[in-house]
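> Here you go, one structure.
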């Protein structure tokens, strides 16, 4: 009689990321104030031009000027900055309930342009206002330098008084999942249809088919094999 032993599956490694809320800055406060004034002026212009029985001659100018000020406030301010996540899977922008991710393995270039940190990837580009997200930017630089140094085209000294990353920065959250549908295995080039068939590089989040995992990651050269993460 042959005895069969039940092998216990190793628990899945929890993937973490830090969630950063945008900070209020002088720029965003000024933009909010200018936006409110612009909206009030535009509203007054609408009332005077289309609702009032005797439209004043300045109503169209009031409406036009208010609309221009409101548009400029939204364009030049960082009041519209959204929460940002930085962690095991890369960088993510949070818009309501929707997350747009840029994996570390997909980063082509991270640079400093004006007052923005620009993360350019294969399918998306993120422009992150440094004034609204100093801690998130600090973590992007720290994590990116460690995981995908070849993509980092920015010197910390260029960013002025950027804070040092600290363990208490942001809100540490557990990631729900990684989108694998439509991606291809980095080793074989074969498409990945189901999450259960995918394995992830713990360092750069590169994706492989479970039976095509190489000894070292094709993107960041990190040790893989049994270290690859099951989704």
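> Rg to Rh for region 88-231: what is it, with Cα atoms only and Rh by Kirkwood?
On the way: Rg = 15.7 Å, Rh = 16.1 Å.
A ratio of 0.98.
> At a threshold of 8 angstrom on Cα-Cα distance, excluding pairs fewer than six apart, so keeping six or more, what relative contact order does region 180-231 reach in percent? Numbers along the way, then the final one.
Numbers: 97 pairs, mean separation 17.4, N = 52.
Value for region 180-231: 33 percent.
> Residue separation times 0.36 nm, minus the C-alpha to C-alpha distance between residue 173 and residue 190: what's the value?
Here the answer is 3.0 nm.
> Let me check against my output: what whole-number percent is the relative contact order of region 145-229, with C-alpha pairs under 8 Å and at least 6 apart?
Result for region 145-229 is 21 percent.
> With all distinct Cα pairs included, what does the Kirkwood hydrodynamic radius of region 180-231 come out to in Å, to one decimal, could you say?
In region 180-231 this quantity evaluates to 10.4 Å.
> I would also like to ask the following. I need the peptides 124-137, 103-116, 178-191 ranked by packing, meaning the mean over residues of other C-beta atoms within 10 angstrom, with the highest value on top.
Highest-to-lowest ranking by the protection proxy: 124-137, 103-116, 178-191.
Rule-based calculations on the coordinates, nothing more; no lab input. Since the model is a prediction, treat every value here as computed from it, not as a measurement. For neighbour counting, all protein chains shown are included, and Cβ atoms are generated from backbone atoms with ideal geometry for every residue, glycine included.
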